[in-house]
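FYI, it's all coordinate maths here, none of it is from the lab. Please read all numbers here as calculations on a predicted model, not as lab measurements. Virtual Cβ from ideal backbone geometry, glycine too; neighbours counted across all protein chains shown.
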Amino acid sequence: MENDIVGKVLVDSWGYSMVIVDFYRVVKATDKTVVVIPMTSRETAEPGTNGFAGTSMPEEDMPNGAQTRLRIINKVNGRFYRGTVTNGTGTKMCAPHTLFEWDGRPMGYDHCD
């Protein structure tokens, strides 16, 4: 298990009236947990949205990003990761988030509130 996830990118898409996308890279793994660090991302705005909506892609690891440990949850329909993450600005999220393995496609974001 450990070797098949280390190096992979996980994605956290969250928000209530907005859609915020954060990317994380797995740097360590055990049978029950992974350790992730935040990544920078590149946003590409949709025309006519003034940059408030578009797609986001991961770019590179944040060199000073805080490491976060997440639980691995295996279900019949796939594996996901759960825990309280620290985003790229160093802010710890107030509630646990669920992250999924990123499939390589751009993720939609919407920063309009």
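Some notes on this structure:
- Helix-only [θ]222 nm of the chain, DSSP H runs n ≥ 4, -39500 (n - 2.57) each, per residue, nearest 500: -500 deg cm²/dmol
- For trypsin sites (Lys or Arg not before Pro), the sites in the stretch 10-48 that DSSP calls loop and that have at most 14 other Cβ atoms within 10 Å are LYS32.
- FRET efficiency estimate (nearest 0.05) - Cβ-Cβ, ILE20 to ASN77, R0 25 angstrom: 0.55
- Considering only GLY15, PRO63, THR86, the residue lying farthest towards the positive end of the dipole of the chain is THR86, judged by Cα position with unit charges set on Cβ.
- Dipole of the stretch 2-103, positive direction: furthest Cα of GLY54, VAL36, PRO96, with charges on the beta-carbon: PRO96
- Residue with peak Gaussian network fluctuation, the chain [Cα springs, cutoff 10 Å], from GLY83, GLY51, GLY65: GLY51
- Chain lengthening between LYS8 and ARG69 when straightened (0.36 nm per residue, less Cα-Cα): 20.5 nm
- In this simple spin-label model, placing a label point 7 Å from the Cα along the Cα-to-Cβ direction at both PHE52 and THR98 gives a separation of 2.9 nm.
- In this entry, the chain is assigned a mean projected area of 7.4 nm², taken as a quarter of its C-alpha convex hull surface.
- Assigned charges on the beta-carbon of Lys, Arg, Asp, Glu; the chain dipole about Cα centre (debye): 540 debye
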